[in-house]
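Asker: The structure follows.
The values are calculated or read from the model by the stated rules, or taken from the named source; none is laboratory data. Everything quoted here is computed from the prediction, not taken from an experiment. Heads up, the Cβs are rebuilt from the backbone with ideal geometry, glycines too, and the neighbour counts pull from every protein chain shown. These accessible areas exclude ligands, DNA and RNA; they are computed on the full protein's heavy atoms, side chains included. Shrake-Rupley method; radii C 1.70, N 1.55, O 1.52, S 1.80 Å.
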Amino acid sequence: MGNCLYVKPATKDEVTTLNTREAPPAHYMIKIESFSVLEKYGIKKYETKEFVAGDYKWRLIFKFNGKDSDYISVNLAMADTTSLPTNWEVNALFSVFLFNQISGNYLSSTATSYWFSTSINSWGWPAWIELATINDPNKGFIVNDCCLLSIDIHVQDVANIIN
């Protein structure tokens, strides 16, 4: 982390601590239109376009798992690793958010810190959300066949492992 900044609010008994850091977090929004088409045509995998966070290229991968696609899994993957040195490792803290279009709230994954490396360049949740839950019109995750997601990423550390 970075330095701490102490802020004195309006009341004398409260103190707020804010942390600073050099690298900005990256926030990427994803809009999946015609969500029902994925299930209708048996599409088992959906990948976002590449986006940049912390000087690295990433993408989100959604998979419809199980024989009857009972769950959706989500993975964060490094999209382009060709320019990285041999035996690289990147530690990223990330969260995935699913927007509830009725309540205006977000369903979020527990923030995860993971080391991406030469041998494992993606990580995620194998059963992120039940398909029945996301498809339930009363839940508000899909409205007008549109699903809205976002991801927050912060690259925390980079290592080059020497053998």
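Asker: Please go through the stretch 60-78 and give me each residue that is in a strand (DSSP E or B) and either open to solvent by 60 Å² or more (accessible area, probe 1.4 Å) or not aromatic (F, W, Y) (or both), ordered by number.
Answerer: L60, I61, K63, N65, Y71, I72, S73, V74, N75, L76, A77, M78
Asker: Now for a different question. Just for the stretch 113-125: of the residues that are part of a loop (DSSP other than H, G, I, E, B) and at pLDDT 90 or above, which one is most open to solvent (accessible area, probe 1.4 Å)?
Answerer: I120
Asker: Mind telling me which of the residues T110, T86, T11, T17 ends up being part of a strand (DSSP E or B), open to solvent by 60 Å² or more (accessible area, probe 1.4 Å), at negative phi and at pLDDT below 85?
Answerer: T17
Asker: Is it the case that the stretch 126-147 has a residue that's surrounded by 13 or more Cβ atoms within 10 Å (Cβ to Cβ), part of a strand (DSSP E or B) and of a type in the set (G, A, S)?
Answerer: No, the stretch 126-147 contains no residue that is surrounded by 13 or more Cβ atoms within 10 Å (Cβ to Cβ), part of a strand (DSSP E or B) and of a type in the set (G, A, S).
Asker: Can you find a residue in the stretch 29-44 that is more than 17 Å from I142 (Cα to Cα), in contact with a strand residue (DSSP E or B) (Cβ under 7 Å, 6 or more places away or on another chain) and not in a loop (DSSP other than H, G, I, E, B)?
Answerer: Looking through the stretch 29-44, none of the residues is more than 17 Å from I142 (Cα to Cα), in contact with a strand residue (DSSP E or B) (Cβ under 7 Å, 6 or more places away or on another chain) and not in a loop (DSSP other than H, G, I, E, B).
Asker: Which condition does N100 not pass, out of (1) in contact with a strand residue (DSSP E or B) (Cβ under 6 Å, 6 or more places away or on another chain); (2) under 29 Å from E39 (Cβ atoms); (3) modelled with pLDDT of 90 or more, if it passes all the others?
Answerer: Failed condition: (1).
Asker: Something else about it: Identify all residues within the stretch 95-107 that are open to solvent by 40 Å² or more (accessible area, probe 1.4 Å), touching a residue at least 40 places away in the same chain (Cβ under 8 Å) and aliphatic (A, V, I, L, M); write none if there are none.
Answerer: Passing the criteria: only I102.
So that you can scan it fast, the table gives a plain yes or no per residue for (1) open to solvent by 40 Å² or more (accessible area, probe 1.4 Å); (2) in a strand (DSSP E or B); (3) within 17 Å of I142 (Cβ to Cβ); (4) in contact (Cβ under 8 Å) with a residue 40 or more places away in the chain:
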| residue | (1), (2), (3), (4) |
| --- | --- |
| Y46 | yes, yes, yes, no |
| W58 | no, yes, no, yes |
| D80 | yes, no, no, no |
| L93 | yes, yes, no, yes |
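Asker: For the stretch 113-130, which positions are within 25 Å of T82 (Cα to Cα) and of a type outside the set (F, W, Y)?
Answerer: Selection gives S113, S117, T118, S119, I120, N121, S122, G124.
Asker: OK, next. Would it be correct to say that I153 is surrounded by 15 or more Cβ atoms within 10 Å (Cβ to Cβ), in contact with an Asp or Glu (Cβ under 6 Å, 6 or more places away or on another chain), of a type in the set (A, V, I, L, M, F, W, C) and assigned to a strand (DSSP E or B)?
Answerer: no
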